[in-house]
Structures are given as structure tokens and as C-alpha cells.
């Protein structure tokens with residue numbers, strides 16, 4: 001790899017994904033040994049020329065020699081493009097650049113609901129701005145994905161009445177409405193933060209169901225295994241939901257209503 005020297009990425013050290021890919025740049029030689037450092041370790045000198053809030057939203061690449069800064073997709077294209085010029089040329093093509101920038105923002109503005117972490121006591125905390133549009137887009141995208149997976153998995157469960165995509169979409173959407181009724185006394189941002197975490201838990205569950213779905217195309221799987229895997233997935237989801245409730249400092253009864261909704265939904269499905 002061709003090393004990009006005298007450049008430092010300011011990464012969110014509370015974001016596992018950010019830590020992994022910036023570490024990868026160092027290990028592969030795309031950046032030198034000083035090629036990354038936690039956002040929280042910004043120096044007073046760097047704060048003069050770094051847009052601190054923008055750097056929390058979009059990963060910043062500091063030119064240590066010229067004291068200039070690139071942000072977001074521009075910083076990533078420079079790092080990757082230094083080793084792979086073709087990537088930089090394609091990435092900077094306006095339609096592609098626009099899509100990459102939107103995808104980057106979609107992930108960045110939702111990263112704290114995708115992988116939440118405890119509130120930091122650091123003076124500089126890498127917390128992205130709250131963007132309603134990106135949060136709602138994430139919830140809609142995840143809900144559609146969840147409905148697709150649940151619909152296909154429900155076909156494997158012979159004891160369930162034959163359903164359709166609409167039913168699974170209604171169930172995935174219904175959990176947000178059901179839990180949302182318990183947050184009417186909270187502000188919109190708190191509610192949407194919870195909904196983002198709620199839908200991420202369901203998204204994790206859907207991803208856990210994928211291996212069984214894929215295997216079902218090649219093997220005949222016993223109903224006990226299908227049901228057992230679904231039950232194990234539900235247990236993992238409950239544990240993850242409980243963990244997130246603690247991180248968000250929300251009332252624990254949301255965990256019990258989370259279970260109650262699923263029990264009610266199952267009862268309705270079986271009696272349709």
C-alpha cells in the first residue's frame with residue numbers, strides 16, 4: 001500500500017466500526033503510525049483549525065503539516081484513493097460522490113443507535129448532531145428489511161397461519177407505535193432515539209435469522225430447530241433491548257411491554 005503521510009484521522013473511539021476501519025488503515029500501511037487518534041484527544045492547537053462539531057458528524061482528516069482538514073467522505077476518499085487512485089476517480093464522479101456522501105451521512109448520523117455506548121465524561125465527546133431525516137430514514141429502511149426477513153422466516157414455521165409481507169410489515173411497524181404510546185411524555189428526540197435502538201434490536205434479530213433462511217434453501221430443516229432458533233434469537237433480542245434501555249436511562253417497563261407486544265401479536269396471528 002502507498003502510505004499517506006502526515007495525515008491523521010480523528011475517529012470516534014466509542015464507535016467500534018470507526019475503531020476497526022481506522023485501525024485497518026494503519027495496519028495495511030495506508031496511513032502512517034500517527035494516522036489516527038481519538039476525537040476526544042484533540043489538542044488546543046488543533047481546535048483552532050478543526051471544525052469540532054463537523055468532525056463529530058464527519059470523520060476529519062488533519063493534514064499535520066499544512067494544518068488543513070477534510071471531512072467525511074472526502075477524507076475517506078483521500079486515504080483510500082492514495083493507495084487506489086481508481087477508487088478516488090470513481091468516488092469523485094459527481095453522481096457516485098453524491099450517493100457515497102448520503103450513505104456516509106446515513107451511517108454516521110445513526111451510528112449511536114446502531115451501536116450505542118455509555119455517555120462520556122470527556123470534555124470533547126464525539127456525538128453527532130441529531131438529524132430527524134436520517135433517523136426516520138433509518139427506521140423506515142430497517143423496518144422494511146425486518147418485514148422481508150420475518151415474512152420469509154414465517155413460511156418456514158409450519159404451525160403459523162399463512163401470512164404475507166403486509167402482515168409482517170404491520171407487526172414491525174406496530175411495535176414502534178405500541179412502545180411509542182409509553183413515551184408520549186418524552187420529547188421527540190428521546191422517542192426517536194429509542195425507536196432507533198428498538199428497530200436496531202429487531203434488525204439484529206433479523207440478521208440472526210438469515211443463516212437459517214439460507215440453509216433452508218439447501219436442506220430440509222426440522223421444525224424444532226426452526227422454532228428453537230427463533231426462540232434463541234428472541235432471547236438475544238430481549239437481552240440486547242434490556243442493555244440498551246439501561247444505556248438510554250429509560251424505564252425498565254419498556255422491556256416488559258416489548259415482550260407483551262410480541263405475545264399479543266402471536267395470539268392475534270394464531271387466531272386469525
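Residue 126 meets the conditions (1) in a helix (DSSP H, G or I); (2) within 30 Å of residue 2 (Cα to Cα) in every case but one. The failed one is (1).
Where strands (runs of 3 or more DSSP E) fall wholly inside the range 1-116, no range has 1 or more residues that are at pLDDT below 90 and under 30 Å from residue 200 (Cα atoms). Would you say residue 254 is assigned by TED's automatic domain parsing to the domain that holds residue 161, touching a residue at least 60 places away in the same chain (Cβ under 8 Å) and farther than 16 Å from residue 150 by Cα? Yes; evaluated as a whole, the condition is true for this residue.
Condition check for residue 201 on (1) under 17 Å from residue 257 (Cα atoms); (2) loosely packed, with under 14 Cβ neighbours inside 10 Å; (3) in contact (Cβ under 8 Å) with a residue 24 or more places away in the chain: one failure, at (2).
When the range 149-170 is filtered for residues that are touching a residue at least 40 places away in the same chain (Cβ under 8 Å) and within 21 Å of the chain's Cα centre (by Cα), the ones remaining, listed by number, are 149, 150. Name the residues in the range 52-81 that are surrounded by fewer than 19 Cβ atoms within 10 Å (Cβ to Cβ) and over 16 Å from residue 104 (Cβ atoms), would you? Scanning the range 52-81 gives 52, 53, 63, 64, 65, 66, 67, 68.
The values are calculated or read from the model by the stated rules, or taken from the named source; none is laboratory data. Keep in mind that this is a model prediction, so the values were computed, not measured. For neighbour counting, all protein chains shown are included, and Cβ atoms are generated from backbone atoms with ideal geometry for every residue, glycine included.
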